[in-house]
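First the structure, in the form of structure tokens, and then the observations on it.
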Amino acid sequence: MKVRFFSLSLALCVALLLPGAAFAKVSLKLGHTGAPNHHYNLTCEKFVEAVKAKSNGEIEIKIYPSDQLGNQRQLVEGAQLGTVDMVLTSDSQLSSFIDAFGALNLPFLFRDINHVAKAMDGEVGEYFSKEAEKKGIVILGYWENGFRHVSNSKRPIEKMDDLKGLKLRTPNSQVTLASFRALGALPTPMSFGEIYSALQLGTVDGQENPIAHILTQKWYEVQKFFSLTSHQHNVEPLCMSKVIFDSLKPEYKKILLETAKEHAAVSRDMVMSDEASQLEELKTKIAVNVVADLKPFQDACKPVYDDARKKYGAIVDQILAVQ
């Protein structure tokens, strides 16, 4: 059952320390929207085990997949307030709370995952981490979700005109909404957990997400076409409440930061290694096509970039320039 109101789950127990005990145990909850077999959860499991080992069992993290602690918006709000410990969420979701993250939602911004890694593990990532801290969130690491593609029940997307008039579920990101409007679609923001029923009932014609979500959420059951548009990339920041993080001992902070950054590479490797087999599986369940010429899509989004440069400043071109 989803919990709409959160109690402070961090147990910084001022333990009845036995002789020789070094630290009091810390208990944390980590929520995310992915299914138990999604790479979100698989990476989280590896991260939790590594943290436990490095801290000699002194830091315990319990994972809650599938929005068990609440939807992404609720979890981010709770992290800002200090009533949620940790959340793995998308840059799209964070852009509703931290304006700067909207720059990461620009269409066709990243060339590939290697470009993402160089940007987010470097000065670009440092910039966004500083912006997040101003809003009460500590970014422990920038994990991976891959590139987003379009599924729908009407027609394959082979050229830009095929998007015209399609009602697509999107996250509530202003840049994403502007991008799809520029492409002629009708973007409709709604929470992740509502997508299946909205597709099933025809409330929307389609949605756009990375390959793994199409498979693990079984949206192929209520969609006919899946088109590899690669229109947007999603960085998945592993976030922690600044209130909670600041209450930890320096040793714990170091373990969490170091381990989360190490698992950014784990997350990226997992996405890159899994997507080929996931796509082959999808081809047995839904009609899949590759968009041969993306240039018209990119050209149509130039006004979105013009607006973004005015709003977000130099960071847009800084990301593009990363080699």
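The values are calculated or read from the model by the stated rules, or taken from the named source; none is laboratory data. Model, not experiment: these values are computed from the prediction. Neighbour counts run over all protein chains shown; Cβ positions are idealised from the backbone, glycine included.
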Taking interchain pairs and intrachain pairs at least six residues apart, which have beta carbon atoms under 9 angstrom, with the first residue in the stretch 178-206 and of a type in the set (D, E, K, R) and the second assigned to a helix (DSSP H, G or I) and surrounded by 14 or more Cβ atoms within 10 Å (Cβ to Cβ)? 181/304; 205/199
Six or more apart or on different chains, Cβ under 7 Å: which pairs go from a residue in the stretch 112-132 that's on the phi < 0 side of the Ramachandran plot to one that's charged (D, E, K, R) and surrounded by 18 or more Cβ atoms within 10 Å (Cβ to Cβ)? Could you list them? 113/144; 113/268; 117/268
Name the single residue that is farthest from residue 230 (Cα to Cα) among those in the stretch 268-306 being within 20 Å of the chain's Cα centre (by Cα) and in contact (Cβ under 8 Å) with a residue 40 or more places away in the chain. 270
Among the listed residues 70, 102, 78, which satisfies the condition of being over 21 Å from residue 129 (Cβ atoms), of a type in the set (Gly, Ala, Ser) and crowded, with 19+ Cβ neighbours inside 10 Å? 70
Hey, any hits in the stretch 141-160 for a residue that's out of contact with any strand residue (DSSP E or B) (no Cβ under 9 Å at 6 or more places or on another chain), on the phi > 0 side of the Ramachandran plot and modelled with pLDDT of 95 or more? no
Confirm whether residue 227 is among the polar types (S, T, N, Q), in contact with a helix residue (DSSP H, G or I) (Cβ under 9 Å, 6 or more places away or on another chain), surrounded by 21 or more Cβ atoms within 10 Å (Cβ to Cβ) and within 29 Å of residue 27 (Cβ to Cβ). no
Looking at the stretch 27-60 only, could you name the residues that are hydrophobic (A, V, I, L, M, F, W, C) and either buried (at least 19 other Cβ atoms within 10 Å of the Cβ) or without any contact (Cβ under 8 Å) to a residue 24 or more places away in the chain (or both)? 28, 30, 44, 47, 48, 51, 53, 59
For the stretch 181-202, how many residues are buried (at least 20 other Cβ atoms within 10 Å of the Cβ) and touching a Ser or Thr at 6+ places or on another chain (Cβ under 6 Å)? 2
